[in-house]
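Notes follow the structure.
Readers should treat all values here as calculations from the given coordinates under stated rules, not as data from a laboratory. Please read these numbers as outputs of a predicted model, since none were measured by experiment. With ideal geometry, Cβ positions are generated from the backbone for all residues, glycine too; neighbour counts draw on all protein chains shown.
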Amino acid sequence: MTHEFKNIVEEGVKANATGLKSVLASVVALDGSSYRRPGVRMLILENGKMIGAVSGGCVEKEILLHSKSVFKTGQSKVMTYDGRYRLGCEGVLYILIELFNPNELLVSEFSNCIKKREIFQVKSYFEKNNKTNIDYGSYVEISGDLYPLNKDNKVERVMGLLSFEQEMPPCFKLVIVGAEHDAVQLCQYAALTGWVVTIMAGLQEHKSITDFPGTQSFYALTPESADVSQIDEHTAVVLMTHNFAYDLRYLVALKDTTPSYIGLLGPSKRREDLLSQFIEYCPDISNRFLEKVHGPAGLNIGSETPQEIAVSIVSEILAFTRKRHPMSLNEKKGSIHSIQ
């Protein structure tokens, strides 16, 4: 959800800079089940434009209506939405609606936090009712300091209120090593998912960042010169150079990193040969690192085209990093969002 919150902050800051007010709506509690869980947010601009969503579309219309009083008075409110009779989700949503009006210090600290890939928290204070209360509001905690999303709010006044606290990890990142047509497709699908995408291409590829819609960074380099210092536990890597030697060299370059997932293209025999040679070069490599290597990359969903293969790879990365065993939701018992 970090990328959604980041986008909301950026869009809200842009709107405020032009003199356009904006209101933040956050799902802070849920009784029962719903389309999405607490922690989802959307931004409403004074001109009626909405950024993000908290449901499949029905709740947003009522949020827009309730936001009008917040624009007018500046006072936060909690809206309840009973989806049991309208959405079929068997749940009641509690939605905090507040002015989004941060000061420059929050904007600066938040930007630095995102760049440094640090964990932060969003804390919302509210009550489960349909009331207006100037003390309701959300704060961002960065390195132990609280910053209000509405600069007029005071954290000293939240005593006795309910709180919803959400830890936000760094934006998930995908490093694609390769520049062929399938890499372009994977880049697009990963960007659509909200991931920060980096492309590493060979010096002889004759490609540029414009060939990869959705990517944040593009580098043409050798495996040995690649900067892998930013590859952390919130990063997945897919090696798709279609060149055994290059994939091996990149794997060696990654040996001291801690990615959450490493994907290889090609059949199982290619993976076995690649890992066999990799272990010869790096005999001290840990089992934990090797367990993150997946080849062939992707879930077995019958993918044939580059687009379908991209969906398969993105799906496996999601499943593996979130410790889920893929199955049809039709066969799942209990809540959709439960681990079991």
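A simple charge model with +1 on the Cβ of Lys and Arg, -1 on the Cβ of Asp and Glu and nothing else charged puts the dipole of segment 208-340 at about 540 debye relative to its Cα centre. Ordering Ile119, Cys58, Gly32 by the projection of their Cα atoms onto the charge dipole of segment 18-165, which places +1 on the Cβ of Lys and Arg and -1 on the Cβ of Asp and Glu, puts Cys58 at the extreme positive end.
Starting with the fewest neighbours, write out Leu275, Leu290 ranked by other beta-carbon atoms found within 10 Å of each beta-carbon. Could you put the intermediate results ahead of the total?
Numbers: Leu275 17, Leu290 13.
In order of increasing Cβ crowding within 10 Å: Leu290, Leu275.
Computed over segment 173-321, relative contact order equals 23 percent, with contacts defined as Cα pairs under 8 Å that lie 6+ residues apart.
Assuming charge only on the beta carbon of Lys and Arg (+1) and of Asp and Glu (-1), the dipole of segment 147-274 about its Cα centre is about 140 debye to the nearest 20.
Might you report the magnitude of the Cβ-based charge dipole of segment 2-168 about its Cα centre, with Lys and Arg at +1 and Asp and Glu at -1, to the nearest 20 debye? All intermediate terms of the calculation are to be shown ahead of the outcome.
On the way: 22 positive and 21 negative charges, 80 e Å.
Computed about the Cα centre, the dipole is about 380 debye.
Counting neighbouring beta carbons within 10 Å and listing from fewest to most, the residues Lys6, Lys255 come out as Lys255, Lys6. Using θ = phi - 60° in the Karplus curve 6.51 cos²θ - 1.76 cosθ + 1.60, the 3J(HN,Hα) couplings for segment 2-7 round to 4, 5, 5, 5, 4, 5 Hz; x is entered for Gly and Pro.
Based on Cα coordinates alone, diagonalise the gyration tensor for segment 2-168, multiply each eigenvalue by 5, take square roots, and list the semi-axes in whole Å, largest first.
Working: eigenvalues 110, 59, 53 Å².
Semi-axes from the Cα gyration tensor: 23, 17, 16 Å.
3J(HN,Hα) along segment 256-263: 9, 9, 10, x, 7, 6, 10, x Hz, from the Karplus curve 6.51 cos²θ - 1.76 cosθ + 1.60 with θ = phi - 60°, whole Hz, x for Gly and Pro. Projecting the Cα atoms of Leu45, Tyr136, Leu106 onto the charge dipole of segment 2-168 (Cβ charges, centred on the Cα centre) puts Leu45 farthest toward the positive pole.
The local environment of Ser143, defined by Cβ-Cβ distances under 12 Å, has a net charge of -3 under the rule Lys, Arg +1 and Asp, Glu -1. Listed peptides 156-168, 96-108 appear in the order 96-108, 156-168 once ranked by packing, highest mean of other Cβ atoms within 10 Å at the front. In the chain, one over the average inverse separation of all distinct C-alpha pairs is 22.2 Å, which is the Kirkwood hydrodynamic radius. Fully extending the segment from Asp145 to Met1, taken as 0.36 nm per residue of separation minus the present Cα-Cα distance, adds 49.7 nm. Springs join every pair of Cα atoms under 10 Å in this Gaussian network model of the chain, and among Ser315, Ser76, Ser124 the largest mean-square fluctuation is at Ser315. Whole-Hz Karplus values for segment 277-287 come out as 6, 4, 5, 5, 6, 10, x, 9, 5, 7, 5 Hz, taken residue by residue from phi with 6.51 cos²θ - 1.76 cosθ + 1.60 and θ = phi - 60°; glycine and proline positions read x. Listed by chain and number, the lysines whose C-alpha is less than 30 Å from the C-alpha of Lys255, apart from same-chain residues fewer than 8 away, are Lys115, Lys116, Lys173, Lys207, Lys269, Lys292, Lys323.
Taking 8 Å as the Cα distance limit and 6 or more residues as the minimum spacing, I'd like the relative contact order of the chain as a percentage.
Details: 626 pairs, mean separation 37.5, N = 340.
RCO, the chain: 11 percent.
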